[in-house]
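In what follows, a structure is listed as structure tokens, so that the remarks can point back to it.
Read the figures in this text as sums done on the coordinates, not as results from a lab. Since the model is a prediction, treat every value here as computed from it, not as a measurement. Cβ placement follows ideal geometry from the backbone for every residue including glycine, while neighbour counts extend to all protein chains displayed.
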């Protein structure tokens, strides 16, 4: 048990002790005076010796407990609750500046991400990873969803894309350690994380500054290998395709590059991890993602205020003391 204000507790208990001392001293003086007069109160076995009535002791005990309540007592108790983790992997490559989806692919992705975040319960921790040619963690997983919303709103399109790096960066955010594929392409073991889900928002373009589908990416390994790492860890990847299959052109470093939605790549990633693919136009389907997350039971230690309980005990003691005193003397005090 802890107290928010130990000094106040010490002062309150000191006052209770002083009052007890004065009460005992006054009782003994009265007993001595009665003994000198040859009067022995009823129920007292030895003349000159007088103990405080029970009502007084209960009143003093009530004051002591009330002093403890004023000091802000609290106990730390373990609390179990269900929680899960969702990482929003946001594609911010140059191709996401394309306007075949108004106002732009990135703008549409940000709108979908914000709606998804707002729909999640407090039991789901949400993090954001923005990726170009590698992963950049924009917000760590947290129950404070306003942090994720702020991170999404700050994103802007620039650079290239590596879907493999995006998945590995999201897995790093989930496991809180760097997850990487070895030079030989072997998928590392990262444990089992069934309570985590990755939502990948992208146009599926993998490996260029706004175009091309090399399928490999740079710095993060092949998207297929990265998806296998997630699958072995029990992490589902739900992909959201942003863009149109008809495509459009974007300006990148003075060049006009053609870019179109690569739904096949995104569908393959989702299928590998037993996830699902969603076109951004059907973003309402994302509402069901949270319900598919296997929430884990976690235990946190939270303070439990006890001032109310102390006050209740103090009131009971004071009431009992007043009742006994009233019954004995006809007076409350």
The percentage of Cα-Cα pairs in segment 235-279 separated by more than 13 Å is 57 percent
A chain fully extended from residue 77 to residue 142 at 0.36 nm per residue, minus the present Cα-Cα distance, gains in nm 21.2 nm
So, with points 7 Å from each Cα along the Cβ direction, the residue 263-residue 36 label distance in nm works out to 10.7 nm
Ranked output for segments 316-327, 19-30, 162-173 by mean other Cβ atoms within 10 Å, highest leading, reads 162-173, 316-327, 19-30
